[in-house]
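Q: For reference, the structure I am asking about is given below.
The values are calculated or read from the model by the stated rules, or taken from the named source; none is laboratory data. Remember, it's a predicted structure, so these values are computed and weren't measured experimentally. All Cβ positions, even for glycine, are placed from backbone atoms using ideal geometry, and neighbour counts span all protein chains on display.
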Amino acid sequence: AQTVARDADGVVTVGGIAVTRLAEEYGTPAYVLDEADFRARARAWRTAFGADADVFYAGKAFLSRAVVRWLDEEGLNLDVCSGGELATALSAGLSAERIAFHGNNKSGEEIRRAVEAGVGRIVLDSFQEIARVAHLARELGRRQRVQIRVTVGVEAHTHEFIATAHEDQKFGIPLAGGQAAEAVRRALTLDGLELIGIHSHIGSQIFDMSGFEVAAHRVVGLLKDVRDEHGVELPEIDLGGGLGIAYTSDDDPREVHEIAKALTEIVTRECEAAGLRTPRISVEPGRAIVGPTAFTLYEVGTVKALDGLRTYVSVDGGMSDNIRTALYDAEYSVALASRVSDAEPMLARVVGKHCESGDIVVKDAFLPADLAPGDLLAVPATGAYCRSMASNYNHVLRPPVVAVRDGEARVIVRRETEEDLLRLDVG
Ligand code: LLP
């Protein structure tokens, strides 16, 4: 999907650096992240939504201290969903009030740390949590700003959405049956809480805006009910993340300014129709910011042609650095990165080194028939949910994240070592 830049020798370059040099210096596999691209995308979201809205980068897509600093500098806020993400954000110096804390089962300890740190908002996900956060905040002598996450009955699937009467999943409090209205009632009466708005996240890798339209319509419906019942106009609405990116040339994502315009118009229109002041909008893009900014660089180890079937190309990573193909049947593209070749294309499957036949990185790809051990392959669009979902399966060491910018590279997350692995093994 991405157009790759190559130098005079036909070697793929990123941020002005040849991948052969990166492989030599940092080894493979490695995630190579283009810092300028990351910043440009972050800035584009910030600019598109403007001063009357907030953009919370969803840290689950990929989080490191460098990323937190870039976000901070580009004026974005951060969505975290665990104590670990919170710790990373705080240790990078992000001011707590720019953090939203998510999760359907935050521990008491996580809630305490979030309240103590003074996070800008906690997104409440259940009736128990409303009570827990209120209790802890009171104990700490705080009034915690919170949103309530609701499920609007829209289930988003890749490339489409299916409207369902009831959402059968673990997140949020259903609008259906008056449950969300009851949650608001409780949150408004508890003095440890300051209810600032309603949150909705309909899914991920979505291209169709109509799911957001239905969600906004229903959330605004709740805001109206709240106004009618309590005389309170909640000042904020969060529409979550979920905007899709191009993994292959089949995907055609929207420009961020179109997304911003569409979402803002939907909320404004719905609020006007309901006679409400337009609330401050926030969004939580993860994949759309970081996804396209990185590729994974692998070295080919073996090439095995199965007559009449396809050729299996084994690389030095696999499902431990990209679980998405195995888990979601996700599609990726791949390019020979260390040289150009005139050889005929062959039908290839790029697989990893794990002891499992489902260990596939790219299911179907055409690669030059002269592909050989030692060649470097680049798999684009691995910035989101690859390093963050990486594992140590088969005690394979998780790859580093190398950030490139203006002809310079630096490691922002280092490669795991066997010592790292053995440090935890204390038996
Ligand atoms: N906000 C909330 C409340 C979320 O749950 C998520 C993602 C986001 C924002 C960011 O969504 P994004 O803009 O990145 O689509 N591991 C899966 C994706 C799981 C997404 C979970 N929540 C994958 O690899 O596709």
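Q: Take the stretch 112-125 and flag every residue that is closer than 19 Å to ARG143 by Cβ and in a loop (DSSP other than H, G, I, E, B).
A: Matches in the stretch 112-125: GLY118, VAL119, GLY120.
Q: In the stretch 251-262, what residues are within 18 Å of ALA44 (Cα to Cα) and touching a residue at least 60 places away in the same chain (Cβ under 8 Å)?
A: VAL256, HIS257, ILE259, ALA260, LYS261, listed by residue number.
Q: Here's a follow-up. Can you pull out the residues in the stretch 391-408 that are surrounded by 20 or more Cβ atoms within 10 Å (Cβ to Cβ) and basic (Lys, Arg)?
A: The answer is ARG398, and nothing else.
Q: Next question. Find all pairs meeting these conditions: Cβ atoms under 7 angstrom apart; at least six residues apart or on different chains; first residue within the stretch 207-230 and among the polar types (S, T, N, Q); second residue not in a helix (DSSP H, G or I).
A: Filtered contacts from the stretch 207-230: SER210/PHE161.
Q: Let me ask something else. Looking at ILE237, ILE245, ILE281, ILE259 in this structure, which one is in the same structural domain as VAL123 (by TED's automatic domain parsing) and in contact with a Ser or Thr (Cβ under 7 Å, 6 or more places away or on another chain)? Step through it out loud before you land on a result.
A: On the way: ILE237 fails: in contact with a Ser or Thr (Cβ under 7 Å, 6 or more places away or on another chain); ILE245 fails: in contact with a Ser or Thr (Cβ under 7 Å, 6 or more places away or on another chain); ILE259 fails: in contact with a Ser or Thr (Cβ under 7 Å, 6 or more places away or on another chain).
Within the list ILE237, ILE245, ILE281, ILE259, the selection yields ILE281.
Q: Further question: Among VAL123, VAL133, which is on the phi < 0 side of the Ramachandran plot, surrounded by 16 or more Cβ atoms within 10 Å (Cβ to Cβ) and within 16 Å of the ligand (Cβ to nearest atom)?
A: Values: VAL133 fails: within 16 Å of the ligand (Cβ to nearest atom).
Only one candidate passes the filter, namely VAL123.
Q: Being over 21 Å from GLY240 (Cα atoms) and within 16 Å of the ligand (Cβ to nearest atom): is that true of ALA288 here?
A: no
Q: For the stretch 207-228, enumerate the residues that are surrounded by fewer than 22 Cβ atoms within 10 Å (Cβ to Cβ) and under 25 Å from the mean Cα position of the chain (by Cα).
A: Passing the criteria: PHE207, ASP208, MET209, SER210, GLU213, VAL214, HIS217, ARG218.
Q: So which of ASP72, ASP52 is away from the ligand (no atom under 13 Å from the Cβ) and modelled with pLDDT under 95?
A: Exactly one of ASP72, ASP52 is away from the ligand (no atom under 13 Å from the Cβ) and modelled with pLDDT under 95, namely ASP52.
Q: Exactly one condition in (1) within 16 Å of the ligand (Cβ to nearest atom); (2) over 27 Å from ARG218 (Cα atoms); (3) among the polar types (S, T, N, Q); (4) touching a Gly at 6+ places or on another chain (Cβ under 9 Å) is false for SER314; which is it?
A: For SER314, the exception is condition (1).
Q: Here is a further query. Only one of these is within 16 Å of the ligand (Cβ to nearest atom) and among the basic types (Lys, Arg): ARG387, ARG349, ARG339. Name it.
A: ARG387
Q: Could you name every one of the strands (runs of 3 or more DSSP E) located completely within the stretch 309-390 that has at least 1 residues being crowded, with 18+ Cβ neighbours inside 10 Å and charged (D, E, K, R)?
A: Because the criterion is at least 1 residues that are crowded, with 18+ Cβ neighbours inside 10 Å and charged (D, E, K, R), the strands (runs of 3 or more DSSP E) in the stretch 309-390 that meet it are 345-351.
Q: Yes or no: the stretch 132-146 includes at least one residue that is under 30 Å from ALA294 (Cα atoms), in the same structural domain as GLY241 (by TED's automatic domain parsing) and either modelled with pLDDT of 95 or more or in a helix (DSSP H, G or I) (or both).
A: The answer is no; no qualifying residue exists.
Q: Could you list all residues from the stretch 391-404 that are farther than 18 Å from ASP34 by Cα and either touching a strand residue (DSSP E or B) at 6+ places or on another chain (Cβ under 9 Å) or free of Cβ contacts under 8 Å to residues at least 12 places away in the same chain (or both)?
A: ARG398
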